[in-house]
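See below for the structure under consideration.
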Amino acid sequence: MRETGCSVLEFAASLESGRGYEGQITGRTVIPARPARYADLERPLSPAIQAVLDALGIRQLYSHQAQAIDRIRRGSNVAVVTSTASGKTLCYNIPVMERLLESRGSRAVYIFPTKALAQDQLRRLRELDIAQELTFDTYDGDTKPERRRDVRRHAHVVLTNPDMLHVGILPNHTGWAEFFGRLRFVVLDEIHVYRGVFGSHTANVLRRLRRVARHYGARPQFICCSATIANPRELAENLVGEPFEVVDDDGSPRGNRLFLVWNPPMVEREPDPTGRASSIRRSAYGEASRLITSMVRQRIRSIAFVRARKIAELLLRRCRSSLRGTPKLAGALMPYRGGYLPEERREIERQLFEGRLLGVCSTTALEVGVDIGGLDATVMVGYPGSIAATWQQAGRSGRSGRDSLAVLVALPGALDQFIAQNPDYLFHAPTERAVIDPGNRFILAGHLLCAAHELPLMQEEEALFGAGARELLEALQAHRYVALRDRWFYTGDGEPAPEISIRSAAGPGYEIVDDRRGRVLGTVDAQAAFYHVHPGAVYLHLGATYQVRHLDLDRRRAYVEPAKGDYYTEPQWVNDVLVGEELTRRSLGGATVHYGELVVCTKMVSYRRISESTGALLGTEPLDLPERRYETCGIWITMGPGIAREHGSDATAFLGGLHAIEHSLISMAPLFAMCEPLDLAGASQLGSEGQPAVFIHDAYPGGVGIAEALYDRAEALMDAAHGTIAGCPCTAGCPSCVQSPFCGSNNQPMDKAVARAILGALLESSGRAPV
C-alpha cells in the first residue's frame, strides 16, 4: 500500500496487491452514484425561511424534503425514512421554524437518543440566520442547574432525550406549564434506535408526554425521522400511539460506495501436546488495525465501529502502537464510546467535525447522525447485528455525494462467518422490522406509577397505555403503590421515575471513580456493571488502563486505580433456566418448539486474564457476586425420543451438541429478528425426564418480543445454524461456527459433530432438506 495520500477508491484498489493480502475479500458490491431529484413545495416558503436556505446555499429541495414539508404543513404526523445524510433535518426544521416565526408563543421539543446528537443539532440551529429571533437550548443531564430555569422559560425549541423527559421534565411538569401549554411540535429523530427495551420504555414516556401536554391544553404534532427499516409506519405508530404518514422516496444524491466483506485468513496454530495441528482465523482486530493505520497514513479519514467499549479502547491502542514512529499520526486517532464525561465527548466531537482527526474507534455511540465532518471510509469490526445497522454505519462515510468505502471485517463468530461465506445475503437482504412492546408488563408497570405520580390517572386514560393497563393498575393497588378513588392516585414512597432506568430493565447505573484522585471517570449501566467493572476487572479509558479495586453494590460505585499490565479481563458466568408458563408449542418433526415465560438465574463465577498482545490465557480468578434472577420470555426446543436414543448414549457429547446448537441459534438470530446476539441468552440441559432441551430467551426482564419472532421462524433459524456449522472447515468446532466469546462456561462442553447431526435430523424430519 502506498504511504502517500490517495483517493478512497484508489486505496481500495490497492488492497489486493498490497503486502499481507491473502484473499481476505470474500465479497464486494458497488452501490452506484445517483443524481439528486428535486421538487417544489405546494406553496412558497416564508421570506424568513427562504433567507435561511439562501444563506445555507440551498436553492432547491430534494423531492422527499418537499413531500415531508407539505404533509407537515397540513398537520399530519409524518415519519421520514431515507438514507443517512439525505437532509432529513430540514424536513422538520423548515416547517417547525416557519410555524414558530409565525406564532412566537409556540414551542417545540426535539428528542434525540443521545446527548451528542442533541448537541450537534443545537450547534446547527444556532448557526441559522434566525438564531437571533428564536431561542434554542438543550435540557439534559449535562445542563447546569443554574441554566435550567432559563431554558424552561425562554427556549422556543428544547433539545432533550427520552431519559431527561422521563426523569427530569415530566415529573416536574408544573415548572414547564407554560411550555407544555404552547407545545406544537414533538420531533423524534433516529427512531430506528428505539427498539427492544429502550424503544418500549420510550413509547411509554411519549404516552406520558402526550398526557401531560393534553392536561395543559396542547395536542402536539409528531414528526419522526429514521434510517431505512422494514416497518417505519408500524414503529412510529407504536412509539407515539397515533397514526402516521410515511415519506420514503429518497431524492438525495449519492456518490459511488464500494462495500467489501473482509474475512481474516486461517493460520496454523502450534501443535498441541499430542502433536495434532489445528488452524484458527487471524485476529479480526489485527486486520482492522492494519486497514485503519494504512488509511491514516494515506490521509483517508475513517471511522471504525466496534461492538463494545473495551474493544474501542483496545483497537485504538493497537493502531497507535502501529503508528508509534509517527506521533503526529498516532495523535490523530481517538476512541469514542458511551460512559465518557460530557466534556470529553464534546472535545472528541469538535475535533472530528473540524477535521483534526484522521480516525476514530467508536462504539455505536456515533452510529446515529452526529455531524462528524467529511469521512471517506467506514470499517465495521464485526457484523453490526442487523442489515439496517450495517447500512447506517456504512453511510457515516461518503457524505455530500462523495465516493466512499465500507469494509466489514468478519469476526470469528458463527454469524460473522455466515456473512463472510454468504456476502450476497448482506448485500441483498431487506432491512429488518424494529420490534418494541410498550405493553410489556415489567416496563409498563413502572410508567403507570410515573403517570399516576405526575397526574392522577383518570380511568378513561387507561386506554392510552394499552389493554393491559387496568390489570396492572389493580396489581399495583394490591401492593399499595396506587389507590383508586375517582382516579388512580400514586401512594408509593418517593418519586418512581428515578428508580426506573429506560435504557435497560436493571435499575440505576454505576459510577466509575478514580480512587486516588477522587473523581468520576465515567458511568456504566446496571445491566452491564458486573461485566465491565467486577472486582479485578481491567477498565480502559481514553487509552489509559485502570483496575477495579472495589465494587460497592449499595452505593453503585466502582472504585478503580491506575494499573499497568499487558492484559484485559473477561468475566465468566453460569445460567440456569426454569420454565414458568408455556404459552404455545408446535412440532418440529423429531422435536417440539415451545414459547412461553421463563425464569432465568445468572451468576458471575470468575474472570479470565487475557494477554493483550498474544491473546493467551494468563489465568482465571474467582468472583463472588450476587445472583441475578428475572422472568422473561423465550423459546425452548425439546428433543424427541428418537434424537435422545440416537445421541444420548454419551451424555457429555450430547450436552456438547445441545450447547453448540444453543450458540449457533443465538448467533444466527439477528438474521430473523432485529436484535443483536447480546439481546439474547440461552441454556442447554439434558433434562430430568428424558427431555433434553435448548433454551433461547430475551436477555431482559419481561422479554421484548425477540424470542416470539424467533418462534415463528424456528425452522429457518435452525436451517441457517446448520448451514453455518456444516460450511465451517474446522473439525471440532471453533468461533466461526459453534463457539461464543460470550459463553459463561468457556465453551465447555462443545461437540460440533453432534450438533450438526441433530440439526440435520430435525430439518429432515420437518420436511426441510439440510445442507
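Here are a few things to note about the model shown:
- A straight Cα-to-Cα reach below 22 Å connects LYS603 with the lysines LYS310, residues fewer than 8 places away in its own chain not being considered.
- Adding -39500 (n - 2.57) for every DSSP H run of four residues or longer, then dividing by how many residues the chain holds, sets the calculated 222 nm ellipticity at -10000 deg cm²/dmol.
- Rounded to the nearest Hz, the phi-derived 3J(HN,Hα) couplings of region 338-352 under the Karplus curve 6.51 cos²θ - 1.76 cosθ + 1.60 (θ = phi - 60°) are x, x, 6, 6, x, 5, 5, 4, 4, 5, 5, 4, 5, 5, 5, where x marks glycine and proline.
- Added length on full extension, which subtracts the Cα-Cα distance from 0.36 nm per residue, LEU484 to TYR38: 154.9 nm
- Fraction of antiparallel bridges per DSSP, the chain only, in percent to nearest 5: 60
- Estimated inter-spin distance, ARG74 and ARG324, nm [label 7 Å along Cα→Cβ]: 6.4
- FRET E, pair HIS428, ARG629, Förster distance 41 Å, beta-carbon r, rounded to 0.05: 0.45
- Assigned charges on the beta-carbon of Lys, Arg, Asp, Glu; region 646-771 dipole about Cα centre (debye): 280
- Among VAL246, VAL520, VAL379, the sequence by solvent-accessible area, most first, with a 1.4 Å probe is VAL520, VAL246, VAL379.
- Charge dipole (region 323-439, unit charges on Cβ, about Cα centre) - positive-most of LEU341, HIS428, VAL409: LEU341
- Between the entries (i) -0.69, -1.37; (ii) -0.84, -1.43; (iii) -0.65, -1.17, the label attached to log10 I(q)/I(0) by the Debye sum over Cα atoms at q = 0.08, 0.11 Å⁻¹ calculated for this structure is (i).
- Loop trypsin sites (Lys or Arg not before Pro), region 521-578, which have at most 13 other Cβ atoms in a 10 Å radius of their Cβ (DSSP): ARG555, LYS564
- For chymotrypsin sites (Phe, Trp or Tyr not before Pro), no site in region 661-764 is both called loop by DSSP and has at most 14 other Cβ atoms within 10 Å.
- Chain lengthening between ILE58 and GLU764 when straightened (0.36 nm per residue, less Cα-Cα): 248.2 nm
- Calculated FRET efficiency for the pair LEU341/ARG147, C-beta based, R₀ 25 Å, to 0.05: 0.90
- Of ASP576, ASP751, the residue with the largest accessible area leads and the full order is ASP576, ASP751 (1.4 Å probe).
- Cα→Cβ-extended label distance, 7 Å offset, between ARG519 and ARG470, nm: 5.7
- One decimal place: the segment GLU582-ARG299 gains 96.1 nm when fully extended, by the rule 0.36 nm per residue minus the C-alpha distance.
- Protein heavy-atom surface of region 114-222, 1.4 angstrom probe: 43% of the accessible area is carbon and sulfur, with nucleic acids and ligands not counted.
- Here the Karplus curve 6.51 cos²θ - 1.76 cosθ + 1.60, taken at θ = phi - 60°, turns the phi angles of region 455-463 into couplings of 8, x, 8, 6, 4, 6, 8, 4, 4 Hz, with x standing for Gly and Pro.
- Here the accessible area of region 538-695 is 47 percent carbon and sulfur, with a 1.4 angstrom probe and all protein chains present.
- DSSP-assigned coil residues among GluC sites (Glu not before Pro) in region 302-362, each with at most 14 further Cβ atoms within 10 Å: GLU354
- Dipole moment magnitude, nearest 20 debye, the chain about Cα centre, only Lys, Arg, Asp, Glu C-beta charged: 2100
- Counted charge near GLU499, where neighbours are those whose Cβ lies closer than 13 Å (Asp, Glu -1; Lys, Arg +1): -1
- Accessible area of region 207-358 divided out per residue, in Å², using a probe of 1.4 angstrom: 41
- Mean Cα-pair separation over length for region 455-519, i.e. relative contact order, pairs under 8 Å, 6 or more apart, %: 23
- Cα-based shape type of region 616-731, given that a ≥ b ≥ c are square roots of the gyration tensor eigenvalues and the cut on a/c is 1.5: rounded
- Per-residue ³J(HN,Hα) for region 221-232, Karplus 6.51 cos²θ - 1.76 cosθ + 1.60, θ = phi - 60°, Hz, x for Gly and Pro: 8, 10, 10, 10, 10, 8, 6, 5, 9, 6, 10, x
The values are calculated or read from the model by the stated rules, or taken from the named source; none is laboratory data. Keep in mind the model is a prediction, meaning the values are calculated, not measured. Cβ coordinates were reconstructed from backbone atoms using ideal geometry, including for glycine residues, and neighbour counts include every protein chain displayed. The protein model used for the area step is the full one, side chains on, heavy atoms only, and it has no ligands, DNA or RNA in it. Shrake-Rupley method; radii C 1.70, N 1.55, O 1.52, S 1.80 Å.
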